[in-house]
Amino acid sequence: MSRLDSMLRRLTAQRDGLNWAAAQIESMEGDVLDMGLGNGRTYDHLREILPDRRIWVMDRVLQCHPDSTPPAQDFLQGEAEPMLQKLADAGQTIALAHYDFGRGIKSEDVAEAARLSPLIARVIRPGGLLISGQPLEGFEQIKGPDSIAPDRYLFYRG
C-alpha cells in the first residue's frame, strides 16, 4: 500500500472513529481531550461534532492552522506527562480522549503510548472512550465501528 493510500485510510478511520465515539458518549458527562494538536484538523472536527463539550488540547508547540486554534484556556502546551498531571490534579473528567502523539517511528511511538497510559487512566472517566492510533495499556480494548479495520485504529473503554 502506498503511503498516500495509507494516510487516506488512517484519516478516514480517524474521522469514522471520532463520529462513532461522539455518538457513544452522547449521554455521558465529561470533557474531551485531543492529545496531539498538530495542524488542528482533528480538533476542528471534534468542535464540529461535539459543539457543547469542552475540548482540551495538548501538544508540545502551538503550530496549527489559524482556523483550528483552540482557546488559550483549553490548550495545554508542553510535554504530555506534566500536562496530563495538570488535568488530573484539577480533577478534570474526560469522556472521550483521542491519542495522536507520535513521530512516525513505530517502536518509539508504541513505547511513548505505553509510558503515558497510566497518566491517561487518571483523567478518563469510568466508561469513557479512548481512540488511538497506537496501542494503549491498562484499558479494555473494544470493537469500534465496522467500517474500520481492527489494525488501523484502536478503541478502548476507560
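Observations, loosely collected:
- Centre-to-centre separation between the Cα atoms of the range 70-96 and those of the range 1-55: 17 Å.
- Computed from backbone phi, the HN-Hα couplings of the range 50-64 come to 10, x, 9, 9, 6, 10, 7, 9, 10, 6, 5, 9, 9, 9, 8 Hz, rounded to whole numbers (Karplus: 6.51 cos²θ - 1.76 cosθ + 1.60, θ = phi - 60°; Gly and Pro given as x).
- Database remark: amide H of residue 92 closer than 5 angstrom to no amide H (H placed geometrically; neighbours at sequence offset of 5 or more, or on other chains; Pro and chain starts carry no H).
- Using the Cβ-Cβ distance between residue 79 and residue 142 with R0 set to 25 Å, the FRET efficiency works out to roughly 0.30.
- Structural descriptor for the range 3-157: relative contact order 25 percent, calculated from alpha carbon pairs under 8 angstrom and at least 6 residues apart.
- MRE, 222 nm, helices only [DSSP H, n ≥ 4, -39500 (n - 2.57), over the chain, to nearest 500]: -12000 deg cm²/dmol
- Computed from backbone phi, the HN-Hα couplings of the range 23-28 come to 5, 5, 9, 3, 9, 9 Hz, rounded to whole numbers (Karplus: 6.51 cos²θ - 1.76 cosθ + 1.60, θ = phi - 60°; Gly and Pro given as x).
- As a calculated quantity, the FRET efficiency between residue 1 and residue 119 at R0 = 30 Å, using C-beta atoms, amounts to about 0.35.
- Applying 0.36 nm per residue to the separation of residue 111 and residue 90 and subtracting their alpha-carbon distance, the gain on full extension is 4.9 nm.
- Couplings for the range 103-113, taken from phi via the Karplus curve 6.51 cos²θ - 1.76 cosθ + 1.60 with θ = phi - 60°, read 10, x, 9, 3, 4, 6, 5, 5, 5, 5, 4 Hz in order; Gly and Pro are left as x.
- The slack between residue 72 and residue 157, meaning 0.36 nm per residue of separation minus the straight C-alpha distance, is 27.7 nm.
Coordinate-derived values only; no laboratory data. All of these numbers come straight from a predicted model, not from anything done at the bench. Counting neighbours? That spans all protein chains shown, and the Cβs are built from the backbone with ideal geometry, glycine included.
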